[in-house]
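Single-structure report; data block below.
The values are calculated or read from the model by the stated rules, or taken from the named source; none is laboratory data. Quantities reported herein were computed from a predicted structural model and do not represent experimental measurements. Reconstructed Cβ throughout: ideal geometry from the backbone, glycine too, with neighbour counts over all protein chains shown.
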Amino acid sequence: MKNLLCLAALALLLNAARSLLPEGGDAYGVAQTELAFGFVLLSAFLVSEILAQIGLPKLVGYVLTGVLAGPHALNLLPAKMTAELDLVSGVAICLIALTAGGELSFRRIRPLWRTIAALTLWGVLGAALALTTALYVLSPWLPFLSTLHRAALFWFCAMLGVALSAQSPAVVMGLLSETRAEGTFSRTVLGTVVMSDLLVIGLFGFVSALARAALGGESSVEQTALGIAWELFGSLGGGAFLGLLLSVYLKKIRDGAQVFVTLMCIVVAELAVPVQLDPLIVMLSAGLVVANFSEEETSRLVRDLETVALPVYIVFFATAGATLRLDVLAGVAPIALLLVILRGASLWLLGVIATSSTRAPAEIRRWGWTGMLPQAGLALALALLVQRGFGLEGEGASALLLGVIAINELVMPILLRVALLQSGDAGAHVVEVDSRIPPPAGETR
Amino acid sequence: MLPVPRWVVAVLVAAVGCASPHAAVTHVETGSAVPFGILAKTVLGLVLLMGLFWLGSHPRVRQFQEWLGIRQAITAGFAFVGLGLIASHPSIGILSGKVFYDLAPLIHFALGWLGMIIGFQFDVRVLDRLPRGTALEIALYTLAPFVVVGVVGAAVMLAYGRPWTDATFVRDAIVLATAGAIFASGTGDRPRPRDRFAGGDSDERHRLDQLDEIAAVAGLAVLGSFFRPQWVGFQWALSGSIWLLITLGVGVFVGLLAYAILTGGRRGAEFAALTLGSVALASGVAGYLMLPPLVVCFIAGAMLVNLPGDHRRRLWSVLTRFERPLYYLFLTLAGALWDVTDWRGWLLVPALVLSRAGGYLFADRLAPEIVGEGMSMRPAWFAAPVSVVSIAIVISAQTIYRGPAVPWIVTAVLGSAIVVELMSHRRARR
């Protein structure tokens with residue numbers, strides 16, 4: 001009840017503030033970023049607590065808050081206000097990637113490497129193939145594909161298939177953090193989604209270039225290859241350099257690591273895209289280097305970042321929810337739902353095949369595929385690329401992609417949370433209570 | 001750590017390190033413009049930042065700072081102002097354009113955080129224990145420098161050719177006077193949470209500092225309500241009194257909301273996240289309505305400290321824990337906003353230092369008659385350091401107001417902060 005009253009008060013305050021100022025006035029901008037940040041952070045937290053009481057993941061609460069408060073539902077957060085949180089989302093991606101990379105110590109994942117590689121290859125390539133075929137077969141019922149000739153149709157469907165095979169390290173990290181999960185299953189899932197992201201980025205670049213060429217647009221395979229090489233290897237190299245810098249910092253300086261890392265994330269979030277690097281790969285690479293060069297410092301860094309990371313995660317997922325087009329989802333719901341089911345079924349089958357072939361432990365054979373189900377940041381970015389780069393066909397296709405992503409973002413974390421609980425990994429991570437924040441009165445540690 | 005993974009990573013780093021520039025150069029040669037200047041500057045900026053952190057935490061540098069007397073947050077943080085100045089210089093261009101716009105909310109946020117901290121010290125139970133006559137002393141030591149700085153500042157601005165009939169003339173003089181009227185405590189450090197909320201008393205002098213800061217916040221509240229920015233078109237035309245009530249109302253509302261959210265046994269990262277959200281909300285609403293975030297958050301903080309519950313120790317701990325890093329970020333952005341090229345601001349520095357000292361001297365002379373002997377716990381009139389709140393007030397004004405004198409005031413306050421602290425240190429060493 002208290003949470004509901006607080007939510008109502010928050011909505012009232014936001015609405016009252018907005019009613020005093022004309023839309024689009026000069027004062028817009030700087031202050032609305034903070035206002036949106038504060039509102040999203042507090043309201044998403046309260047909604048997640050309400051959902052947690054009925055056993056749903058908090059992450060779903062964050063996303064749902066964004067959906068409800070966003071421009072396509074209650075419009076408490078208009079599109080312009082949501083866009084002001086881009087930097088926070090960028091920093092969140094960097095922090096998530098750094099933490100994900102920091103969890104991937106080669107020493108710890110080496111025994112799991114075969115399973116991770118099999119899950120990645122089967123999951124991405126198999127799901128992309130299955131979804132391409134499905135889209136090709138369903139094309140007569142998809143108006144935006146009706147004008148394409150056979151070759152163009154195939155490559156266009158292949159591009160959408162690859163985009164739909166994208167997974168989400170952010171959601172996986174968010175759930176691992178929320179459930180305090182630690183263990184073989186968690187490490188395998190995290191390793192798989194990270195590797196899958198790298199594979200999808202490379203694959204999407206090539207297939208989209210072929211689709212553009214088949215549609216009659218200008219496209220050079222050489223240019224595309226160089227572009228992807230720069231994005232992948234440039235990001236890995238840049239990230240490795242930042243990782244070394246961070247390792248030195250953690251070993252030699254130590255003080256103020258939170259501030260230094262946050263600043264580093266801000267810099268990467270702001271500058272990576274203009275120089276055509278992928279912030280996620282940059283920080284993943286940085287995290288990998290730190291994890292493998294200074295393992296001891298990494299665990300301290302991850303613990304230190306927890307305080308900084310939680311608010312950023314909440315705002316990131318809520319913002320992602322606010323960008324989901326509910327109006328679009330209504331129009332494509334039946335086919336989107338069909339694709340969600342097909343994607344889920346193919347990932348289940350492919351996951352079972354992959355894990356059986358490597359004789360993975362029972363919990364991974366049973367639940368490993370669930371980690372590949374959620375979608376968020378990368379899938380949304382690819383949908384945006386399709387929308388911007390392929391005219392009318394792109395607009396229709398991105399609506400369908402966004403519909404599928406919306407369902408996967410809202411529903412699939414629930415399944416992954418169940419898997420984490422069933423695998424026994426949930427709650428296994430021993431949390432060191434932050435000694436700098438005193439406990440409530442009368443409570444002892 | 002096993003040798004093989006380290007070797008693998010080293011090879012990976014070397015290979016990628018070699019491959020990336022090659023790929024990048026090829027990419028540029030094929031026509032896609034990758035702005036390498038930005039990359040180079042970014043790397044350089046990060047290395048410089050790291051160097052700054054290293055220097056800041058090095059024991060010898062700390063000893064040197066102690067020897068120099070750089071203990072105040074202001075001067076200790078001036079390296080960050082310099083960093084902001086350099087990063088925003090057109091020839092460097094890191095902290096400019098879109099990057100600065102994206103980071104600008106941090107200024108509001110840091111002001112709000114500082115306001116929350118000051119408000120959190122407004123515990124009426126502690127104030128009750130102050131000796132008789134304290135209020136009179138505070139009034140004397142605040143009003144005397146306020147009036148003298150205001151008059152001298154106005155005279156200098158008149159000499160610069162600012163017409164006194166201009167509506168912003170009085171406003172600018174009040175901003176300068178309010179910033180000049182506050183002084184900082186000796187150490188620049190706030191009392192530890194244990195001292196603050198475990199029944200122990202912080203020292204008397206710190207309480208006087210708090211009251212001084214509170215008086216300044218009250219001044220800023222009046223300023224923000226009665227001198228509204230002219231460049232924003234609001235839906236409703238409201239009088240200054242109504243704006244003052246709105247300021248109070250928003251602060252109280254956010255304070256109560258934060259209280260409801262923060263109480264109930266929350267802890268750790270969740271508690272810190274909710275504190276962050278509460279300050280962001282308060283300063284966001286304030287900034288949105290062109291009210292000073294410092295004031296709105298001050299009221300919210302005062303509400304939070306005076307309401308019962310188990311939240312106070314933890315909240316104080318979170319607030320003070322992030323105070324210093326946020327303050328440094330704030331100073332970096334303030335440095336990026338600072339226009340050091342206008343000589344008129346620099347000429348205001350001696351005027352501010354001398355008039356401020358004159359105001360304190362005047363108060364010193366009057367104190368025995370008005371307050372009584374032995375009451376004053378102030379530092380010597382010429383050695384009263386400029387408070388962090390003074391900088392916050394001028395930066396607050398800079399975010400709300402526009403006009404030719406605003407950059408002068410910023411220069412005057414930042415410049416005098418250094419000058420006064422050096423003077424204070426010379427005296428202390430004697």
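Structural remarks
- Residue count for segment A:28-56, restricted to those that are more than 27 Å from B:Ser396 (Cα to Cα) and crowded, with 24+ Cβ neighbours inside 10 Å: 5
- If you check B:Leu315, B:Leu331 for being over 30 Å from B:Ala412 (Cβ atoms), crowded, with 24+ Cβ neighbours inside 10 Å and not acidic (Asp, Glu), only one passes: B:Leu315.
This table checks each residue for (1) surrounded by fewer than 22 Cβ atoms within 10 Å (Cβ to Cβ); (2) modelled with pLDDT of 80 or more; (3) more than 16 Å from A:Leu277 (Cβ to Cβ).
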| residue | (1), (2), (3) |
| --- | --- |
| A:Gly202 | yes, no, no |
| A:Leu210 | yes, yes, yes |
| A:Leu215 | yes, no, yes |
| A:Glu222 | yes, no, yes |
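- Subset tally (residues that are of a type outside the set (A, V, I, L, M), in a helix (DSSP H, G or I), away from chain B (no Cβ under 14 Å) and over 18 Å from A:Gly287 (Cα atoms)) for segment A:197-223: 4
- Failed item in (1) small (Gly, Ala, Ser); (2) away from chain A (no Cβ under 12 Å); (3) crowded, with 20+ Cβ neighbours inside 10 Å; (4) free of Cβ contacts under 8 Å to residues at least 60 places away in the same chain, with B:Ser225 passing the rest: (4)
- Flag for B:Ala300 being buried (at least 24 other Cβ atoms within 10 Å of the Cβ), more than 7 Å from chain A (Cβ to nearest Cβ), touching a residue at least 60 places away in the same chain (Cβ under 8 Å) and in a helix (DSSP H, G or I): yes
Condition check ((1) under 26 Å from A:Val312 (Cβ atoms); (2) part of a loop (DSSP other than H, G, I, E, B); (3) in contact with a His (Cβ under 6 Å, 6 or more places away or on another chain)) across all residues:
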site	(1), (2), (3)
A:Thr147	no, yes, no
A:Leu153	no, no, no
A:Phe156	no, no, no
A:Val162	no, no, no
A:Gln167	yes, yes, no
A:Glu182	yes, yes, yes
A:Met195	yes, no, no
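- Residues within segment B:256-286 that are in contact with an Asp or Glu (Cβ under 6 Å, 6 or more places away or on another chain) and either within 25 Å of B:Leu103 (Cβ to Cβ) or in contact (Cβ under 8 Å) with a residue 40 or more places away in the chain (or both), tallied: 4
- Within the span defined as segment A:1-22, every residue fails to be buried (at least 20 other Cβ atoms within 10 Å of the Cβ) and within 30 Å of A:Met283 (Cα to Cα).
- Of the residues making up segment B:114-173, just one is surrounded by 17 or more Cβ atoms within 10 Å (Cβ to Cβ), out of contact with any helix residue (DSSP H, G or I) (no Cβ under 6 Å at 6 or more places or on another chain) and of a type in the set (Lys, Arg), namely B:Arg171.
Conditions (1) at the interface with chain A (Cβ under 7 Å from one of its Cβ atoms); (2) among the small types (Gly, Ala, Ser); (3) touching a residue at least 40 places away in the same chain (Cβ under 8 Å), marked per residue:
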{"residue": "B:Ile242", "(1), (2), (3)": "no, no, no"}
{"residue": "B:Val250", "(1), (2), (3)": "no, no, yes"}
{"residue": "B:Pro293", "(1), (2), (3)": "no, no, yes"}
{"residue": "B:Arg312", "(1), (2), (3)": "no, no, yes"}
{"residue": "B:Ser317", "(1), (2), (3)": "yes, yes, yes"}
{"residue": "B:Leu329", "(1), (2), (3)": "no, no, yes"}
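- Selection count, segment A:126-182, where residues are closer than 19 Å to A:Ala354 by Cβ, in contact (Cβ under 8 Å) with a residue 40 or more places away in the chain and surrounded by fewer than 20 Cβ atoms within 10 Å (Cβ to Cβ): 1
- Selection status of A:Val63, under 21 Å from A:Arg417 (Cβ atoms) and touching a helix residue (DSSP H, G or I) at 6+ places or on another chain (Cβ under 8 Å): yes
Let's see how each residue does on (1) among the aliphatic types (A, V, I, L, M); (2) touching a helix residue (DSSP H, G or I) at 6+ places or on another chain (Cβ under 9 Å); (3) modelled with pLDDT of 80 or more; (4) part of a helix (DSSP H, G or I):
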residue: B:Leu291; (1), (2), (3), (4): yes, yes, yes, no
residue: B:Arg314; (1), (2), (3), (4): no, yes, yes, yes
residue: B:Ser317; (1), (2), (3), (4): no, yes, yes, yes
residue: B:Leu331; (1), (2), (3), (4): yes, yes, yes, yes
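- Evaluation of A:Leu226 against (1) of a type outside the set (D, E, K, R); (2) surrounded by fewer than 24 Cβ atoms within 10 Å (Cβ to Cβ); (3) away from every other protein chain (no Cβ under 13 Å) (one fails), failing number: (3)
- Taken over segment B:273-291, the residue count meeting the criterion of being within 9 Å of chain A (Cβ to nearest Cβ) and of a type in the set (S, T, N, Q) is 2.
- For segment B:257-272, filtered to residues that are at pLDDT 90 or above and more than 8 Å from chain A (Cβ to nearest Cβ), the residue that is nearest to the chain's Cα centre (by Cα) is B:Ala258.
- Residue match in segment A:360-368 (condition: surrounded by 17 or more Cβ atoms within 10 Å (Cβ to Cβ) and out of contact with any helix residue (DSSP H, G or I) (no Cβ under 7 Å at 6 or more places or on another chain)): yes
This table checks each residue for (1) closer than 14 Å to A:Gly102 by Cβ; (2) more than 8 Å from chain B (Cβ to nearest Cβ).
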residue	(1), (2)
A:Leu242	yes, no
A:Ala272	no, yes
A:Leu288	yes, no
A:Ala291	yes, yes
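- Looking at segment A:1-119, the helices (runs of 4 or more DSSP H) lying wholly inside it that each contain 3 or more residues that are more than 14 Å from every other protein chain (Cβ to nearest Cβ) sit at A:58-69, A:86-103.
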